[in-house]
Each structure stands twice: as C-alpha cells, then as structure tokens.
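Heads up, the thing below is written out as structure tokens.
The values are calculated or read from the model by the stated rules, or taken from the named source; none is laboratory data. Keep in mind the model is a prediction, meaning the values are calculated, not measured. We place every Cβ from the backbone using ideal geometry, glycine too, and count neighbours over all the protein chains shown.
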Amino acid sequence: MTLPVRRVAASLALGAALVTAGCGSTEAGRAATVDGRVITEDQVHTAQSEINKAFPAANLTTADVVYRLIEAPYVIDYVAKKGAPQSASVARSNFPATAEPSAEAIELLRGQYARQVLEQAGETLPADTFAKVKVVVNPRYGTFDPSKNALTATRPDWLAGAGTK
C-alpha cells in the first residue's frame, strides 16, 4: 500500500471508531434492556407501525413506544393485583379484523388500557415500582425517567461540544 492509501484507510478506521464510540454501551439493534428483557428496535418499530395504523389518533413516536414497552409489564401487573386485569384477547379484539397484531403491539395496548384504569382511579404507578429495576435505554431514544411517564430526550456527551467554539 502506498502512503496516501494508508492515510485514507487509517482516517476511515479512526472515523468509524469515533462514530461508534458515541453509541454508548447499548448493543446494536437494542432499544432497551429491562432487567435482562431485551426490547429490540425491530419490536419497537413494528409495534409503533401497527398501533399508529390501527389507532391513528395515537400518533406514537418511537420514544413513546420504547417507554410504553418498558412500562407495560409493570402497569399491567399492578392493575391486575388491584382486580383489573387487562387481557391480551381484549387488546387483540380492538385491532381491525384484518390486522394480525404482533405480541409487542398487544403488550403496548394492554399497558395503555392498564394506564387508563389508573388514570380513571386518579392513580399512577407507585414511585418505587422501578427502584430495583435495571433499565438501560439506547441513548437515541432518551433517558428512562419513570416519574415523567416518558423518556427524557438526551444529548450525548460526545455532542456537547459540537457547534461551539
């Protein structure tokens, strides 16, 4: 290899290393990991597409879907213990007859119904629900903050200096 070719190759390798270094510790394809349960980006996009197609008024963003898939098992379990179980069959029956919803879309919808049960009762999930739960979210979707019922947008450290002099 000639010297200019080596320099170009080295520059490309360095550029690739810098780009991937800013991605954090989240593995490729993962939107979030909740106590070892992986929520993939494919699952998120599938659920988002199916929910938004079946319920256009929902207009869920990708970050909304990630948060709701993180929260769903906990809110579903909580309302079930209070005597208001949210079944998969009821959620499935609310999709158009021609739709064959994914497990993630069903889980998201069950979680939404459970949230509505809490809201109608003037309640929220107890503040300590996620105290011992390890939640790792891909930074592109934000930071997990259960007190806000959403993911909080973040700006990765490696972008902090961008555009400043």
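Which of the residues spanning segment 124-141 are more than 19 Å from ALA63 (Cβ to Cβ) and either in contact with a strand residue (DSSP E or B) (Cβ under 8 Å, 6 or more places away or on another chain) or not in a loop (DSSP other than H, G, I, E, B) (or both)? It would help to see each step written out before you state the result.
Quick first cut of segment 124-141, residues more than 19 Å from ALA63 (Cβ to Cβ) only: 124, 126-129, 131-132, 134.
Within segment 124-141, ALA127, ASP128, THR129, LYS134 meet the criteria.
Step by step: first the residues of segment 97-145, then only those that are closer than 24 Å to ASN52 by Cα and polar (S, T, N, Q), then the one that is modelled with the lowest pLDDT. Which residue is that?
Per the criteria, the residue is THR98.
So ALA114 ticks every box in (1) assigned to a helix (DSSP H, G or I); (2) of a type outside the set (Lys, Arg); (3) touching a Lys or Arg at 6+ places or on another chain (Cβ under 9 Å); (4) crowded, with 20+ Cβ neighbours inside 10 Å but one. Which box is left unticked?
Of the numbered conditions (1) assigned to a helix (DSSP H, G or I); (2) of a type outside the set (Lys, Arg); (3) touching a Lys or Arg at 6+ places or on another chain (Cβ under 9 Å); (4) crowded, with 20+ Cβ neighbours inside 10 Å, the odd one out for ALA114 is (3).
Starting from residues that are in contact with a strand residue (DSSP E or B) (Cβ under 6 Å, 6 or more places away or on another chain) and of a type outside the set (D, E, K, R), keep the ones in segment 41-78 and report whichever is surrounded by the fewest Cβ atoms within 10 Å (Cβ to Cβ).
If we take residues in segment 41-78 being in contact with a strand residue (DSSP E or B) (Cβ under 6 Å, 6 or more places away or on another chain) and of a type outside the set (D, E, K, R), then ALA63 is surrounded by the fewest Cβ atoms within 10 Å (Cβ to Cβ).
Residues checked against (1) closer than 19 Å to THR33 by Cβ; (2) of a type in the set (D, E, K, R):
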position	(1), (2)
ASN59	no, no
VAL75	yes, no
TYR78	no, no
ALA88	no, no
GLU107	yes, yes
GLN112	no, no
ALA121	no, no
PHE144	yes, no
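For segment 79-88, check the following and say yes or no: at least one residue is surrounded by 19 or more Cβ atoms within 10 Å (Cβ to Cβ), at pLDDT 95 or above and not in a loop (DSSP other than H, G, I, E, B).
Yes, some residue in segment 79-88 is surrounded by 19 or more Cβ atoms within 10 Å (Cβ to Cβ), at pLDDT 95 or above and not in a loop (DSSP other than H, G, I, E, B).
So which of ALA97, ALA121, ALA131 is of a type in the set (A, V, I, L, M, F, W, C), loosely packed, with under 13 Cβ neighbours inside 10 Å, within 22 Å of ALA153 (Cα to Cα) and more than 11 Å from the chain's Cα centre (by Cα)?
Matching residue, one of ALA97, ALA121, ALA131: ALA131.
Go through (1) part of a loop (DSSP other than H, G, I, E, B); (2) modelled with pLDDT of 95 or more and name the single condition THR33 misses.
Condition (1) is where THR33 drops out.
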